[in-house]
Amino acid sequence: MKDYLVRGMSMDGFVKMVAIRSTEIVRRAAEIHNTTPNATAALGRCLTAASMMGNMQKVENGSMTLQIRGGGPIGTITVVSDPEGNVRGCVTEPHVPLVEKFPGKLDVGATVGTDGTLTVIRDLQMKEPYIGSVQLISGEIGDDVTAYFVQSEQTPTACALGVLVDRDQSVKVAGGYLLQLLPGAPDDVIDRLEAGIQRAGAVTKMLEAGLTPEDILGQVCGDLGVVFMETTEVSYKCYCSRERVESALISLGKQELTEIAEEGKPFPVECQFCDTVYEFTPEDIQKLLKNA
Ligand code: ZN
């Protein structure tokens with residue numbers, strides 16, 4: 001089953017929303033980075049959030065980067081979304097130890113840490129990117145994304161994210177939703193949404209029960225009703241290329257390149273976001289040196 005996200009609007013037009021099933025994206029991320037369960041959940045939640053945020057941003061050729069540094073054992077989490085919501089990501093330490101809140105419930109906050117920041121970098125295809133940053137609340141990611149929108153973009157938001165890792169460490173389900181109130185939303189809309197969020201429960205529970213992203217929005221919005229808009233298939237997608245790796249190598253500078261060339265050995269460069277390895281022979285490095 002392919003991952004996709006769906007956008008919608010409440011019947012009254014006061015709530016903008018998106019929901020996603022990201023199971024395959026998180027499976028692919030776990031495969032690439034060979035993550036342990038806590039890292040799978042933390043990176044998976046970030047990828048899920050980034051896909052929805054990138055899709056909502058909708059700037060042609062733009063991108064959205066979400067970076068979390070919480071001081072926990074996972075180090076830094078970096079995820080990037082394209083304008084459709086295709087994402088890629090990496091973490092400093094993919095092999096973090098298992099930490100559970102109780103048996104069967106991963107403690108993502110302990111893995112991420114709470115002493116740090118969530119930063120959003122929006123490349124809106126203007127001169128400078130837009131950069132916003134907030135202090136982490138819980139390191140559970142969903143709360144932190146919510147806090148980011150409220151504090152940094154002054155947009156009342158509810159964000160729920162879930163990654164369910166099975167006993168054999170495989171990804172069972174992953175997904176999430178993001179709701180945003182538009183200006184002028186009456187208080188009773190907020191109350192009804194809050195009640196709907198409570199009633200719907202955890203995203204992983206809904207996905208496990210076979211609910212689609214459309215069903216999830218329907219559950220959360222209840223009698224507010226949802227008008228569904230576009231649906232977009234999304235996947236784990238990296239944009240690396242040999243040319244990009246070459247320019248990265250050139251930017252290392254002549255001295256470092258000379259040292260690599262003088263070693264006289266093949267020089268493999270692995271992409272930080274996917275499992276592609278670019279091989280460079282000493283002759284390739286010499287050629288780059290001429291261009292450096
Ligand atoms: Zn790549």
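The values are calculated or read from the model by the stated rules, or taken from the named source; none is laboratory data. These figures come from a predicted structure and were not determined experimentally. Positions of Cβ are backbone-derived with ideal geometry, glycine not excepted, and every protein chain shown enters the neighbour counts. The area values use the complete protein model at the heavy-atom level, side chains included, leaving out ligands, DNA and RNA. Shrake-Rupley method; radii C 1.70, N 1.55, O 1.52, S 1.80 Å.
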Query raised in the report: Regarding G116, is this residue within 16 Å of the ligand (Cβ to nearest atom) and open to solvent by less than 30 Å² (accessible area, probe 1.4 Å)?
Result: no
Query raised in the report: Mind checking which residues of the stretch 217-240 are under 21 Å from G54 (Cβ atoms) and of a type in the set (D, E, K, R)?
Result: E230, E233, K237
Query raised in the report: When you go through (1) open to solvent by 10 Å² or more (accessible area, probe 1.4 Å); (2) within 16 Å of the ligand (Cβ to nearest atom) one by one for P97, which number turns out not to apply?
Result: (2)
Report task. Give the stretch 28-56 a look and list any residue that's open to solvent by 10 Å² or more (accessible area, probe 1.4 Å) and within 23 Å of P83 (Cβ to Cβ), or say none. Result -> R28, I32, R45, M56
Query raised in the report: Quick check: anything in the stretch 230-239 surrounded by 15 or more Cβ atoms within 10 Å (Cβ to Cβ), more than 21 Å from the chain's Cα centre (by Cα) and modelled with pLDDT of 90 or more?
Result: no
**Report entry** strands (runs of 3 or more DSSP E) completely within the stretch 205-292 that count 3 or more residues being under 30 Å from V189 (Cα atoms)
**Finding:** 226-233
Query raised in the report: Restricting attention to the stretch 187-204, which residues are part of a helix (DSSP H, G or I) and of a type outside the set (D, E)?
Result: V189, I190, R192, L193, A195, G196, I197, Q198, R199, A200, V203, T204
Report summary line: Pairing a residue in the stretch 252-275 that is over 30 Å from L43 (Cα atoms) and within 16 Å of the ligand (Cβ to nearest atom) with any residue that is assigned to a helix (DSSP H, G or I) and open to solvent by 80 Å² or more (accessible area, probe 1.4 Å), where Cβ atoms lie under 9 Å and the two sit 6 or more apart in sequence or on different chains, gives none
Query raised in the report: In this structure, does V150 turn out to be under 23 Å from K237 (Cβ atoms), open to solvent by less than 80 Å² (accessible area, probe 1.4 Å) and not in a loop (DSSP other than H, G, I, E, B)?
Result: no
